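Notes follow once the structure below has been shown.
The values are calculated or read from the model by the stated rules, or taken from the named source; none is laboratory data. If you're wondering where the values come from, they're calculated on a predicted model, not measured in any experiment. Every residue, glycine as well, gets a Cβ built from its backbone with ideal geometry; the counts of neighbours run over all protein chains shown.
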Amino acid sequence: MNYQKLTLMAFMVIAITSCKKDEEVAPTNNGGSGTPTTAAVKLSYSFTNGSAAFDHNLPFTDGMGRSVRITKLKFYAHDFHLTDDADVTVGEFHDKIILVDAINGNSEFDLGTMAPEHVHNVELAFGLDSASSYGYPDQVAAPAPLNETDMTWLWNTAAGRIFIKLEGFVDNDGDNVMDTAAGDVAFQYHAIGAALDPMMGHYHIHQDVTAGSTFTIGLKLD
C-alpha cells in the first residue's frame, strides 16, 4: 500500500477488479409464484499491498523508503448508479450509504435489487452529500451508518461528518510499535464536511445480470 497516494486521497486508487454472480436467490415480485424476477445487487471490497492482501498488523515501505503502519482507514460511499451499453439506467441506489472500514468492518454490502439487464458501467460517489454530512447532528437519531461516532467531531457536530479517516504512523526504528522517543511520527488525515464535492468513480464492467442471481460489484484498494 502506497502511503503517499493514501495521504493525497485514498479514493484515488479504488478500481473495479471483479463482478460475479453466485447462487443466492433474489427477492421476487412475480405475484408470489416463486419464480425470481429480480437479482440482488451487492458491493464488496478488498485491500491489497501490491500482490499481497493488506494486513493492518504489518508495516509496509512507502515511496520514500520509510516503514509505515496504517492503524485506521474508513470512508463513506453513496449514490450507486448502473447503466447499460446505451447509457440507459438499469439500476440505481441513490439513497444507499455505506461505511467502509479497512480494519474492522464488513467486506460486503447489500445495495438492493434490479431487473435482469446487462450492466456496462457502475458509477458511485465517494464521500457524503451535504444532507448526509450535516443532517442528524444528534448521533443517536442518525440512521446507520451515519450514526458512527468515530466519523464525527462530537464537540462540533455543526462541522459535518468525517467522510474519510486515515491514521497511522511512520515507524522510524522498524519495531512495529508507535514510539515518539524512537522518532516515530504519527499522522492523521480527516476530511470533514461537504465543502469538498464527493469524488465520482466510473467503472466499466460488462456483466449480464440474470433473475434469481446475486450481482456482486467487487472493489479493490491497493
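Annotations for the structure displayed:
- Qualifying residue in the range 151-160 (condition: assigned to a loop (DSSP other than H, G, I, E, B), modelled with pLDDT of 90 or more, in contact with a helix residue (DSSP H, G or I) (Cβ under 7 Å, 6 or more places away or on another chain) and on the phi < 0 side of the Ramachandran plot): no
- Scanning the range 161-192 for residues that are outside any strand (DSSP E or B), in contact with an Asp or Glu (Cβ under 7 Å, 6 or more places away or on another chain) and surrounded by fewer than 12 Cβ atoms within 10 Å (Cβ to Cβ) gives a single hit, Gly183.
- In this structure, Lys42 does satisfy being assigned to a strand (DSSP E or B), in contact with a Ser or Thr (Cβ under 6 Å, 6 or more places away or on another chain) and at pLDDT 85 or above.
- Ala211 vs. criteria touching a residue at least 24 places away in the same chain (Cβ under 8 Å), over 19 Å from His78 (Cβ atoms), assigned to a helix (DSSP H, G or I) and out of contact with any Asp or Glu (no Cβ under 6 Å at 6 or more places or on another chain): no
- Among (1) closer than 22 Å to Met151 by Cα; (2) in contact (Cβ under 8 Å) with a residue 24 or more places away in the chain - the single one Met64 does not satisfy: (1)
- Which listed residue is closer than 21 Å to Leu99 by Cβ and touching a residue at least 12 places away in the same chain (Cβ under 8 Å), from Asp171, Asp150, Asp184: Asp150
- Residue among Ala144, Ala125 that is assigned to a loop (DSSP other than H, G, I, E, B), among the hydrophobic types (A, V, I, L, M, F, W, C) and closer than 20 Å to Asn106 by Cα: Ala144
- Matching residues in the range 109-167 - criterion: being of a type in the set (Val, Ile, Thr), over 30 Å from Thr35 (Cβ atoms) and within 19 Å of the chain's Cα centre (by Cα): Thr149, Thr152, Ile162, Ile164
- Condition broken by Asp110, with the remaining ones in (1) within 14 Å of Pro145 (Cα to Cα); (2) surrounded by 14 or more Cβ atoms within 10 Å (Cβ to Cβ) satisfied: (2)
- Test: Phe80 is among the aromatic types (Phe, Trp, Tyr) and either more than 16 Å from Tyr203 (Cβ to Cβ) or surrounded by fewer than 15 Cβ atoms within 10 Å (Cβ to Cβ) (or both): no
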